[in-house]
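One structure is given here, and the rest of the page talks about it.
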Amino acid sequence: MEKALIISVVILTLINITDSLTNSVVTPSLIFYVTEVGGTVEQYGLISSIPFFSMILMMSFYGVWVDSNGNKYKGPYAASFAFGGLGSILYFLASLVPTGNTAVYTILLGRFITGLGAAGRTLAYSYVATAIPRDQQRTTLTILSMTRSFGMLLGPLLNLFVVKIDSSISLFNYTIPLNSRNSVGLILAVGELFLFIATQLFLQEPPPKKEKPLTVDNNESAKVGGWRDILAAVTHFDLVFPAFIMFTLICNFTLYQVALPPVSADLFGWTPLEISYLMSVQSICIFLGMFAAMYASIYNVSDFTMIASGNAAFVIGGLLTVLWWRREQATIAQFILSIVIVSFAYPLMGPANRSQYTRAIHSRPELENCIGLLQSFFNQAFSIGGFISPNFVTSFVMKSPEEISNTDGHELTLWALYV
C-alpha cells in the first residue's frame, strides 16, 4: 500500500476514533440531559432514533455525490463535518431555551442535523472499496472497526473531565452556564472542526474510476450501471441478505445502547461516569473481538463462520439479558457479563458481512461506477434499524419503575428476546 494511501487510512481511523470518543460522552448522559430540560423517556427514545432517520435521508446523497464528482471525498466530508458542527451547537443551545417541549425539540433538531453529518461518515466504506486493493479490504475494514472501540476506551477519561464542568462564560454581556450536560455539545463541535481540518490537509483523493474502452472483449465490463441495473442488483440475495444482517445487528445493539443508562441507574444507581466505565469495558471486548476477527481474516476464516459466531453471541447474550436484568437480584458481574457476550457479536459479524457485500458488488462489472451509491444502500439498512429500534425499545421493551415494582422485577419485557 502506498504511503499516501496509508496516511489516508490513518485519517479515516482518526475520524472513527474522534466520533466514538465524542459519542461515548453523549450516550451515557443523553437521557439525563433530556429529563433535565423537561423531556420524557419516550422523547428520549425519539431523540435517540432521529439521527438514524436523517442518515437514511442523506446517505444516498453522499453516495451519488462521490460517484458523480470523479471519486473525490474532501467536499462530501466537509459537508458532513459542517452539519455535525451545526447540530452539536444546537444540542448545546437547548439548555439556554425555556424548559419543556422547546428545549426537547431543540435537542431533537440538533440530533437530526447531526445525523445529516453522520451519514457522511459511511463514505469511508466506499473509499475502502475504491482505493484499497481488494485483497486488503477486509483487513482494512476490521482495522477501521477496531479504532471505534479504541475511541470508546478513551471515553471514561473524557467523562472524568466532563462531569466536573460547572462554570459559565460571558458573551456580549450575557452569562452562559456550562455544566456536564450542555457542554457535551461544545465538545462535539470541537471534534467536528478538528476532523474538517485533518481531512482537508491529509486525506488523499483516490484515483478516479476509469471506464475501459468499448471493444468486443470488454463491452460488458465497460458498461456504466444505470438505475435499472442497480435496482435489479439490490434484489439479489447476495446483496439483500448482508443488508438484512446489518439491519438486525444494529437493532440488537440499540437495545443495549438505549436501555443501558436507565437500567443501570435503576439497578445500581449509576451515573453517566459509571456508565462510561462500563462502556469502556464493552469497548475492550469489541477491540479484542476485532483483533480476533483480523487474525481470522489473515488466516482466511470464512465470512459464514464469522457471521454465524456473531449470531451465536447474540442468542446467548440476549437470553442472559432477559434472565439476569432483574431488580434486587441482578449482580454487577451478571449485568456486565451479558453485555460482554453481546459485545463480541459485532466484531465477528460486521467486517465479514460488509466484506461479503463488497465482494458481491465487485462480482457485477456493470456496478463498478455505482459503488458509492450501493454502499450507501447497505448503510441505509443499518440506519433504518437504528431509526426503528430506539422507539421500539422505549415503548415495548423497557419498563417504567412502577411496572418493574408491580411485576416480577425484570427490567425488560419479553420483547427483549428479539435479540
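The values are calculated or read from the model by the stated rules, or taken from the named source; none is laboratory data. Everything numeric in this text was worked out from a predicted model, so none of it was measured. With ideal geometry, Cβ positions are generated from the backbone for all residues, glycine too; neighbour counts draw on all protein chains shown. Ligands, DNA and RNA are excluded from the accessible area calculation, which covers all protein heavy atoms including side chains. Shrake-Rupley method; radii C 1.70, N 1.55, O 1.52, S 1.80 Å.
Shape analysis of the chain yields a ratio of the Cα radius of gyration to the Kirkwood radius, Rg/Rh, of 0.98. Taking Cα atoms only, the orientation of helix 345-362 departs from the longest principal axis of the chain by about 30 degrees. In this Cβ point-charge picture (+1 for Lys and Arg, -1 for Asp and Glu), the chain has a dipole of about 680 debye about its Cα centre. A simple spin-label model places the labels of Tyr277 and Val315 3.5 nm from each other, with each point 7 Å out along Cα-to-Cβ. Mean separation of Cα pairs under 8 Å and 6 or more residues apart, divided by the residue count, gives segment 25-182 a relative contact order of 27 percent. With K and R counted +1 and D and E -1, the other residues having a Cβ less than 15 Å from that of Gln200 yield a net charge of 0. Per residue, the accessible area of the chain comes to 43 Å², computed with a 1.4 Å probe over protein heavy atoms only. Here the label points at Phe202 and Phe161, each 7 Å from Cα along the C-beta direction, are separated by 1.8 nm in the simple model.
Given a Förster radius of 25 Å and the C-beta distance between Glu402 and Asn179 as r, what FRET efficiency does 1/(1 + (r/R0)^6) yield to the nearest 0.05? E between Glu402 and Asn179, to the nearest 0.05, is 0.30. If you take the charge dipole of the chain about its Cα centre, with +1 on Lys and Arg Cβ and -1 on Asp and Glu Cβ, which of Leu108, Ala198, His236 is farthest toward its positive end? Toward the positive end, the furthest listed residue is Ala198. Over all projection directions, the Cα-based convex hull of segment 1-131 averages an area of 8.2 nm². Compute the distance from the alpha-carbon center of segment 133-202 to that of segment 321-361, in whole Å. Answer, in whole Å: 24.
One decimal place: the segment Phe304-Leu337 gains 9.3 nm when fully extended, by the rule 0.36 nm per residue minus the C-alpha distance. Quick one: in segment 62-170, what % of C-alpha pairs are over 19 Å apart? Of all Cα-Cα distances in segment 62-170, 64 percent exceed 19 Å.
Each of Ser126, Pro98, Gly155 was scored by the projection of its Cα onto the charge dipole of the chain, and the greatest displacement toward the positive side belongs to Ser126; charges sit on the C-beta of Lys, Arg, Asp and Glu. Applying 1/(1 + (r/R0)^6) with r as the Cβ-Cβ distance of Leu288 and Phe172 and R0 = 56 angstrom yields a FRET efficiency of 0.65. One quarter of the surface of the convex hull around the alpha-carbon atoms of segment 236-379 equals 9.5 nm², the direction-averaged projected area.
A protection proxy built from the mean count of other Cβ atoms within 10 Å ranks the segments 302-312, 51-61, 21-31, most packed first, as 21-31, 51-61, 302-312. Taking packing as the residue-averaged number of other Cβ atoms within 10 angstrom, the listed peptides 194-201, 274-281 run from highest to lowest as 274-281, 194-201. Projecting each Cα onto the charge dipole of the chain (Lys/Arg +1, Asp/Glu -1 at the beta carbon, about the Cα centre), which of Tyr73, Trp325, Thr413 comes out farthest on the positive side? Result: Tyr73, furthest along the dipole toward the positive end. Overall, the accessible surface of the chain at a probe of 1.4 angstrom is composed of carbon and sulfur to the extent of 67 percent. Taking the longest Cα principal axis of the chain as reference, the axis of helix 237-268 is set at about 20 degrees. Charge dipole (Cα centre; +1 on Lys/Arg Cβ, -1 on Asp/Glu Cβ; no other charges) of segment 36-144 amounts to roughly 340 debye.
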